[in-house]
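The values are calculated or read from the model by the stated rules, or taken from the named source; none is laboratory data. Quick caveat, the model's predicted, so the values are computed rather than measured. Counting neighbours? That spans all protein chains shown, and the Cβs are built from the backbone with ideal geometry, glycine included.
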Amino acid sequence: MQSLLYRQELLDHAQNPRNYGAVEHPDFSADDLNAFCGDRIAMAGRLAKDGTIAEIRFTGEGCAVSQAAASILTERLIGRPWRTVARLTPSDMLRLLNVPLSPIRIKCGLLALTVVQKAYAGYSKAKEGSSTASLRARPNFASKM
């Protein structure tokens, strides 16, 4: 029964994606493609002065899993410290989705994570040396907010 509930949540995010669209004057952005199936996701966002994610949006096309994963991830990241993006793991992302995925679908489920981490790496490289904030314990992104 609980598995059905999570599948329904995934389908709801796929059919009614949250945070879909462009960001004006983004602080960070990246895109990527799952060459195996053709899924594409681009993400962009803005940071608040305190270093938290003030806005993050995505655009793209692809299967329900990739699009729902981007929607779910953006919901969870808003208000979180930007530096914690680097600490997210594939396991965190799969726990966040909370539905079993076949080996082929795992790439679809992880594409959004790949994109936001590319954005983080690009932003960090551009800002290298300007901040020495340490990365602390990895947050639990799978928990409901």
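For the stretch 117-145, taking the residues that are basic (Lys, Arg) and part of a loop (DSSP other than H, G, I, E, B), the one that is modelled with the highest pLDDT is identified as LYS127.
Going through GLY45, GLY21 one at a time, which residue ends up being surrounded by 17 or more Cβ atoms within 10 Å (Cβ to Cβ), modelled with pLDDT of 95 or more and touching a strand residue (DSSP E or B) at 6+ places or on another chain (Cβ under 9 Å)?
Selected residue: GLY45, the only one of GLY45, GLY21 that is surrounded by 17 or more Cβ atoms within 10 Å (Cβ to Cβ), modelled with pLDDT of 95 or more and touching a strand residue (DSSP E or B) at 6+ places or on another chain (Cβ under 9 Å).
To keep it simple, each residue is scored yes or no on (1) in a loop (DSSP other than H, G, I, E, B); (2) hydroxyl-bearing (Ser, Thr, Tyr); (3) touching a helix residue (DSSP H, G or I) at 6+ places or on another chain (Cβ under 8 Å).
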| position | (1), (2), (3) |
| --- | --- |
| GLN8 | no, no, no |
| ALA14 | no, no, yes |
| GLU24 | yes, no, no |
| CYS37 | yes, no, yes |
| ALA42 | no, no, yes |
| ALA68 | no, no, yes |
| ILE72 | no, no, yes |
| ARG76 | no, no, yes |
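Exactly one residue out of ASP39, ASP50 is over 18 Å from ASP12 (Cα atoms), charged (D, E, K, R) and surrounded by 18 or more Cβ atoms within 10 Å (Cβ to Cβ), and it is ASP39. For the stretch 87-105, filtered to residues that are over 15 Å from ILE72 (Cα atoms) and among the aliphatic types (A, V, I, L, M), the residue that is surrounded by the fewest Cβ atoms within 10 Å (Cβ to Cβ) is ILE104. For the stretch 40-94, the set of residues classified as farther than 18 Å from ARG7 by Cα and among the basic types (Lys, Arg) consists of ARG40, ARG46, LYS49, ARG57, ARG80, ARG83, ARG87, listed by residue number. Considering only residues in the stretch 34-59 that are out of contact with any Pro (no Cβ under 9 Å at 6 or more places or on another chain) and without any contact (Cβ under 8 Å) to a residue 60 or more places away in the chain, the one that is nearest to ILE78 (Cα to Cα) turns out to be ALA54. Checking THR114, THR59, THR84 one by one, the residue that is in contact with a Gly (Cβ under 9 Å, 6 or more places away or on another chain), surrounded by 15 or more Cβ atoms within 10 Å (Cβ to Cβ), polar (S, T, N, Q) and not in a loop (DSSP other than H, G, I, E, B) is THR59 and no other.
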